[in-house]
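See structure below.
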Amino acid sequence: MNYSERLNDVIPGGCHTYSRGDDQYPSNAPQIFEKGKGAYLYTPKGEKFLDYGMALRAVTLGYGEENVANAAIEQIWKGNNLTRASLVELEAAEAFVDLIPSIDMVKFAKNGSTVTSAAIKMARAYTGRKYIVRCFDHPFFSYDDWFIGDTPLTRGIPQEHYALTLNFKYNDITSLKGLFEKYPNQIAGVILEPATSSHPIDNFLHKVKELCHKNGALFILDEMITGFRWHLQGAQVYYDVDPDLCTFGKGMANGFSVAALAGKREFMRIGGIKEEGSERVFLTSTTHGAEMCGLGALIRTIQFYKENNVVEHMWNYGRKLIRGMNEIAKEFSISECFEVGGIECSPNYITRDANKNISLAFRTLFSQEMIRNGVLMPWIAVSYSHTDVELEKTLEVTREALKVYSKALNDGVEKHLQGAVIKPVFRKYN
């Protein structure tokens, strides 16, 4: 059996995150990698690929960054997981609270889904209400039923578990106002990312916060992607808005498994044990939530950011990449069909067919041709390890890929695709 067959034989989906699955990549994509270093991935055969996936955006400094790895290894030799709280657990919590201006307390976990669901529980416990509002435009909040049930993937999820999840649109404050009017005094909290592919307009985030507080709901910002990318202190600082609760993960420990629920003491304290007589909230309780290697990595990652202007580098590289790729599209006169945009520190590319309609087939073709020339670009996640050398290679390969793209616009994409078209993760059937 090949690697794909072996993976799918023992792992449902062939991987532990659906966005890593076979259906998310063209047929010529490497089925498995053995290691990563800097901005590159290597297959067991030694094939080398310049990577823009960066572990689903979790690696912001680069694979195998020695300063961070050594900090993690140091904690491993100290036991990695102790019977009571560890010293590094305290140091990491203090460092994180000191870093993010809006927060007073933090609870660590291993995955983003754990802490976003904990934020939802906290909002319900604090307000005594049951409805949660989530931004429909933002692709993923949790693998838990309150979110997944609100997608086409409802099999195995009782309707009661997701009927209390409501939707509003990003940069459309009227859509949120309508929910508060329809469900008066029933909404516990509103959760959204500060931004994805576009900035908030007309003080949108501030208006969301104002609506929440006017109606007695908690304002929750999910900073899984924006944190440690828009700004070291989060997009909340970049956009100058303080949430009641916020969640972080991905890049906060350069690929080590660390996530965080953080917020103001007024809310976070209800998950504590020191207030005599108060009704308890069983927030999160995970054996590996404070695993020492990850928290050592977090502390060193914060230091690395401060010492090396990491965020500034990602913004600058993204600007150059967007400009360069778009100039090549113009050279082929296909800029209406292929475009790189988004926010500079987190660019995205859009693929359209000859009729100017969004096309997964053309996205597959572009990814296929980039892979053919040694660049893995399922999306664009910039890291500190992407330098001018990587930029030059990316633009060279983009030119070759868009040459094929241009031909496919004229004679049909099916003549150039090697295999199946990639599929949306959130679809009803396989």
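The values are calculated or read from the model by the stated rules, or taken from the named source; none is laboratory data. Owing to the predicted nature of the structure, the values given are computational and were not obtained by experimental measurement. Reconstructed Cβ throughout: ideal geometry from the backbone, glycine too, with neighbour counts over all protein chains shown. What goes into the accessible areas is simple: the full protein's heavy atoms, side chains included, and nothing from ligands, DNA or RNA. Shrake-Rupley method; radii C 1.70, N 1.55, O 1.52, S 1.80 Å.
Magnitude of the charge dipole for the range 66-308, about its Cα centre and with charges confined to Cβ atoms of Lys, Arg (+1) and Asp, Glu (-1), is about 460 debye.
The C-alpha atoms of the chain define a longest principal axis, and helix 66-76 lies at about 40 degrees to it. For the range 361-391, the residues whose backbone nitrogen is under 20 Å from a point 7 Å from the Cα of residue 353, taken along Cα to Cβ, are 361-369. Computed from Cα atoms, the angle from the helix 360-372 axis to the main principal axis of the chain rounds to 70 degrees. How many nm separate the modelled label positions at residue 303 and residue 175, each set 7 Å beyond the Cα in the direction of the Cβ? About 4.4 nm, to one decimal. Give me the percent of Cα-Cα pairs in the range 66-308 that sit more than 26 Å apart, rounded to a whole number. The proportion of pairs with Cα distances above 26 Å equals 38 percent. Its Kirkwood hydrodynamic radius, worked out from the mean inverse distance over all distinct Cα pairs, puts the range 83-162 at 14.9 Å.
With a cut-off of at most 14 other beta carbons within 10 Å, and DSSP calling the residue loop, which trypsin sites (Lys or Arg not before Pro) in the range 125-176 qualify? Please list them.
Working: sites: 129, 130, 134, 155, 169; in loops: 129, 130, 155, 169.
Here the trypsin sites (Lys or Arg not before Pro) that fit, given the DSSP loop and packing criteria, are 130, 155, 169.
Listed highest first by mean packing, meaning other Cβ atoms within 10 Å per residue, what order do 1-8, 56-63, 159-166 come in? Please report the intermediate quantities before stating the final value.
Working: 1-8: 12.6, 56-63: 23.0, 159-166: 15.5.
Packing proxy ranking, top to bottom: 56-63, 159-166, 1-8.
Applying 1/(1 + (r/R0)^6) with R0 = 35 Å to the Cβ-Cβ distance of residue 167 and residue 77 gives a FRET efficiency near 0.15. Computed from the alpha carbon atoms alone, the convex hull of the range 340-417 holds 84 Å³ per residue. Distance between the 7 Å Cα→Cβ label points at residue 3 and residue 23: 2.1 nm.
Summarise the accessible area of the chain (1.4 Å probe, protein heavy atoms) by the percent that is carbon and sulfur.
Working: 9930 of 20310 Å².
Of the solvent-accessible surface of the chain, carbon and sulfur hold 49 percent.
Electrostatic tally near residue 162: other residues with Cβ closer than 13 Å to its Cβ, Lys and Arg +1, Asp and Glu -1, net -1. Per-residue packing, averaged as other Cβ atoms within 10 Å, sorts the ranges 107-116, 44-53 into the order 107-116, 44-53, beginning with the highest.
If you put +1 on each Lys and Arg Cβ and -1 on each Asp and Glu Cβ, how big is the dipole of the range 357-430 around its Cα centre, in Debye rounded to 20?
Details: 10 positive and 8 negative charges, 95 e Å.
It comes to approximately 460 debye.
Listed by chain and number, the lysines whose C-alpha is less than 21 Å from the C-alpha of residue 423, apart from same-chain residues fewer than 8 away, are 356, 415. Descending by average beta-carbon neighbour count within 10 Å, the peptides 173-184, 279-290, 255-266, 382-393 line up as 255-266, 382-393, 173-184, 279-290, the highest first.
Its DSSP H runs of at least 4 residues, each contributing -39,500 (n - 2.57), put the calculated 222 nm mean residue ellipticity of the chain at -11500 deg cm²/dmol, to the nearest 500. In percent, rounded to a whole number, the relative contact order of the chain is 23, using alpha-carbon pairs under 8 Å and six or more apart. Binning the C-alpha pair distances of the range 182-295 at 5 Å intervals from 0 yields a P(r) profile of 2, 11, 18, 19, 19, 16, 10, 5, 1, 0 %, listed from the shortest bin outward. Counted by Cβ distance under 12 Å from residue 344, the other residues give a net charge of +3, where Lys and Arg count +1 and Asp and Glu count -1. Solvent-accessible surface of the chain, taken per residue with a 1.4 Å probe and all protein chains present: 47 Å².
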